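*Asks:* Dropping a structure here in structure tokens format, bear with me for questions.
The values are calculated or read from the model by the stated rules, or taken from the named source; none is laboratory data. None of the values given here were measured: they were computed from a predicted structure. Quick reminder, even Gly has a Cβ in these numbers, built from the backbone with ideal geometry, and neighbours come from all protein chains shown. Please note that ligands, DNA and RNA were not included when accessible areas were found on the heavy atoms of the full protein model with its side chains. Shrake-Rupley method; radii C 1.70, N 1.55, O 1.52, S 1.80 Å.
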Amino acid sequence: MTTSWLDDFPARIAELDHAHLRRKRAVVTPDGGARLMVDGRSMLAFCSNDYLGLSQHPELIQAAREGAQAYGVGSGGSPLVSGHSAANEALEQELAAFVGLRRALYFYAGFSTNVGIIPALVGAGDAIFSDALNHACLIDGARLSRAQIHRYAHMDLAALEHELAHSSARRKLVISDAVFSMDGTCADIPALLALCERHDALLLLDDAHGFGVKGPQGRGSLAEAGLFGAQASRRVLYMATLSKAAGAAGAFVAGDEALVEWLLQKTRSYIFATAAPALLASALSASLRVIAQDEWRRSHLHQLIARLRSGLTAGLQGSGWQLSESQTAIQPLLIGPNDKALAVMQGLRERGIWVPAIRPPTVPEGTARLRIALSAAHTEADVDLLIETLTTLARALR
């Protein structure tokens, strides 16, 4: 009997199990503050990118209700057909003003934004220069573009300059996370821009984990670098998601008027996808107001970051576990082997705390980790409990 390649999947899944690489979903519902009901059990969660605790904010919920009442729950078409509502138009103008750039384009999701805009900017015969730890959506967008990809070591600007200097391509695109999602490290944006100026390149920054948290009034990493408003550069294309600190869903890209107009005309994931529903745009308009006004959320978050780092640095001495150098809400704790990271995650879950174990291919082999994500919704007592529990587990699993 002839076998089919389709018969291979059970064995391939078994291989994932053997390597401790099989992923499983949990069914969750909000349970107040930073707690989630996880598969029917209340857990203290350190796994959400809801950095400012806005996903359950009453003003956003009310704005979404009003948006649904005014527009319904679906957009009904792509943005270039009938899906670009008055709410979406207003949000684009508000986003551009919020980050201090000329124009913004609002997308339904962050992954599709980067996967679409990179091939719209460069193609065969052009060159892309990509940080080794960039998010998968930047990597996939680069591959889809068919441009030549130069991958430089993480934040190694000397290596980047060498690659730029030796490239003969007329169109050069540097792509980088502003805050790296699995390490919490932050790009040197002024230095990246200086290299782009020197070598006639365009800089695409993905600020998914900086928007709302970094910069004056949470206006993002570009604003923190002072490169907005009158100081904005036409060489910078700024992208950020609205599903993290902004507490809702979607993404946007902002920059020079001509660049954004080109993306509207040429980005396939924008042109051929149904537009985000207006109720989300309504909620996001409310989110921008809260982000700008509630400075206490960022202050509280920074206090929690310092508290966690101090407590774990003291409590985990001699454990072999390594806390990253991150000063952001992303606090990775490197464990090493996949099975040990899973064991620590399970130990936490048994004690009512949910922190995800991140394993290859999301991170390099041998660097499996707990990705601790802090939020303004956490309390000091929440952080202290995590420190105490991890310290106990480190002793038990030595």
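*Asks:* Looking only at segment 280-296, decide whether some residue is closer than 22 Å to Leu44 by Cβ and of a type in the set (Gly, Ala, Ser). Break it down stepwise before answering.
*Replies:* Within segment 280-296, the subset closer than 22 Å to Leu44 by Cβ is 296.
The next check asks that each one be of a type in the set (Gly, Ala, Ser); those that pass are none.
No.
*Asks:* Can you find a residue that is in contact (Cβ under 8 Å) with a residue 60 or more places away in the chain, of a type in the set (Asp, Glu) and closer than 24 Å to Leu133 by Cβ anywhere in segment 377-391?
*Replies:* No, every residue in segment 377-391 fails to be in contact (Cβ under 8 Å) with a residue 60 or more places away in the chain, of a type in the set (Asp, Glu) and closer than 24 Å to Leu133 by Cβ.
*Asks:* Only one of Pro361, Pro356 is surrounded by fewer than 14 Cβ atoms within 10 Å (Cβ to Cβ) and modelled with pLDDT under 95; which? Spell out the reasoning first.
*Replies:* Working: Pro356 fails: surrounded by fewer than 14 Cβ atoms within 10 Å (Cβ to Cβ).
None of the other options fit; the residue is Pro361.
*Asks:* Another question, then. Taking Leu204 as the residue in question, decide whether it is in contact with a strand residue (DSSP E or B) (Cβ under 7 Å, 6 or more places away or on another chain) and open to solvent by 10 Å² or more (accessible area, probe 1.4 Å).
*Replies:* So Leu204 fails the test.
*Asks:* Within segment 171-197, restricting attention to residues that are charged (D, E, K, R) and in contact with a helix residue (DSSP H, G or I) (Cβ under 9 Å, 6 or more places away or on another chain), which residue is most open to solvent (accessible area, probe 1.4 Å)?
*Replies:* Going through the qualifying residues, I end up with Arg171.
Yes or no, residue by residue, for (1) of a type in the set (Val, Ile, Thr); (2) without any contact (Cβ under 8 Å) to a residue 60 or more places away in the chain; (3) more than 24 Å from Gln231 (Cα to Cα):
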{"site": "Cys137", "(1), (2), (3)": "no, no, yes"}
{"site": "Arg143", "(1), (2), (3)": "no, yes, yes"}
{"site": "Ala147", "(1), (2), (3)": "no, yes, yes"}
{"site": "Ala153", "(1), (2), (3)": "no, yes, yes"}
{"site": "His162", "(1), (2), (3)": "no, yes, yes"}
{"site": "Lys172", "(1), (2), (3)": "no, yes, no"}
{"site": "Ser176", "(1), (2), (3)": "no, yes, no"}
{"site": "Ser181", "(1), (2), (3)": "no, no, yes"}
{"site": "Ala194", "(1), (2), (3)": "no, yes, no"}
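*Asks:* Being of a type in the set (A, V, I, L, M), more than 21 Å from Ile118 (Cα to Cα) and in a loop (DSSP other than H, G, I, E, B) is the requirement here; does Ala245 meet it? Give the derivation first.
*Replies:* Values: of a type in the set (A, V, I, L, M): yes; more than 21 Å from Ile118 (Cα to Cα): yes; in a loop (DSSP other than H, G, I, E, B): yes.
Yes: the conditions hold for Ala245.
*Asks:* Would you mind finding the one in Ala223, Ala232 that is open to solvent by 30 Å² or more (accessible area, probe 1.4 Å), in contact (Cβ under 8 Å) with a residue 60 or more places away in the chain and of a type in the set (A, V, I, L, M)?
*Replies:* Unique residue meeting the criteria: Ala232.
The rows are residues; the columns are (1) open to solvent by less than 10 Å² (accessible area, probe 1.4 Å); (2) closer than 14 Å to Leu95 by Cα; (3) touching a helix residue (DSSP H, G or I) at 6+ places or on another chain (Cβ under 6 Å).
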{"residue": "Val236", "(1), (2), (3)": "yes, no, no"}
{"residue": "Phe252", "(1), (2), (3)": "yes, yes, yes"}
{"residue": "Leu263", "(1), (2), (3)": "yes, no, yes"}
{"residue": "Thr267", "(1), (2), (3)": "yes, no, yes"}
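*Asks:* Would you confirm whether or not segment 377-390 contains a residue that is open to solvent by 30 Å² or more (accessible area, probe 1.4 Å), assigned to a helix (DSSP H, G or I), in contact with a Pro (Cβ under 7 Å, 6 or more places away or on another chain) and over 24 Å from Ile139 (Cα atoms)?
*Replies:* No: zero hits.
*Asks:* In addition: Go through Gly67, Gly77, Gly53 for me and flag whichever is more than 22 Å from the chain's Cα centre (by Cα), touching a residue at least 60 places away in the same chain (Cβ under 8 Å), over 22 Å from Gly347 (Cα atoms) and outside any helix (DSSP H, G or I). Give the steps one after another, and end with the answer.
*Replies:* Working: Gly67 fails: outside any helix (DSSP H, G or I); Gly53 fails: more than 22 Å from the chain's Cα centre (by Cα).
After ruling out the rest, the residue left standing is Gly77.
*Asks:* Can you go through Leu21, Leu52, Leu101, Leu105 and tell me which one is under 30 Å from Leu390 (Cβ atoms), open to solvent by less than 70 Å² (accessible area, probe 1.4 Å) and at pLDDT 95 or above?
*Replies:* On the way: Leu21 fails: at pLDDT 95 or above; Leu101 fails: under 30 Å from Leu390 (Cβ atoms); Leu105 fails: under 30 Å from Leu390 (Cβ atoms).
Matching residue, one of Leu21, Leu52, Leu101, Leu105: Leu52.
*Asks:* Looking at segment 83-92, is at least one residue open to solvent by less than 20 Å² (accessible area, probe 1.4 Å) and under 30 Å from Gly366 (Cβ atoms)?
*Replies:* Within segment 83-92 (the criterion being open to solvent by less than 20 Å² (accessible area, probe 1.4 Å) and under 30 Å from Gly366 (Cβ atoms)), the answer is no, since none of the residues qualifies.
*Asks:* State which residue pairs qualify: first residue over 14 Å from Tyr108 (Cβ atoms) and inside segment 257-281, second residue open to solvent by less than 70 Å² (accessible area, probe 1.4 Å) and of a type in the set (Lys, Arg) in any location, beta carbons under 6 Å apart, and separation of 6 or more residues or different chains.
*Replies:* Here the result reads Glu257/Arg103; Val260/Arg103, each pair linking segment 257-281 to a residue that is open to solvent by less than 70 Å² (accessible area, probe 1.4 Å) and of a type in the set (Lys, Arg).
*Asks:* Here's something else I'd like to know. For segment 91-100, does any single residue satisfy the condition of being polar (S, T, N, Q) and either touching a residue at least 12 places away in the same chain (Cβ under 8 Å) or at positive phi (or both)? Steps first, answer last, please.
*Replies:* Applying the first criterion (polar (S, T, N, Q)) to segment 91-100 yields 93.
In the following step, the residues that additionally are either touching a residue at least 12 places away in the same chain (Cβ under 8 Å) or at positive phi (or both) were identified as none.
Looking through segment 91-100, none of the residues is polar (S, T, N, Q) and either touching a residue at least 12 places away in the same chain (Cβ under 8 Å) or at positive phi (or both).
Condition check ((1) under 21 Å from the mean Cα position of the chain (by Cα); (2) within 28 Å of Gly212 (Cα to Cα)) across all residues:
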| site | (1), (2) |
| --- | --- |
| Leu16 | no, no |
| Ala26 | yes, yes |
| Asp31 | no, yes |
| Asp39 | no, no |
| Gly116 | yes, yes |
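*Asks:* Got a number for residues in segment 285-301 being part of a helix (DSSP H, G or I) and buried (at least 16 other Cβ atoms within 10 Å of the Cβ)? Please lay out each step first, then the result.
*Replies:* The first filter runs over segment 285-301 and keeps only residues part of a helix (DSSP H, G or I), leaving 285-293, 295-301.
Checking the rest, the ones that are also buried (at least 16 other Cβ atoms within 10 Å of the Cβ) come to 285-288, 290-291, 297-298, 300-301.
So the count comes out to 10.
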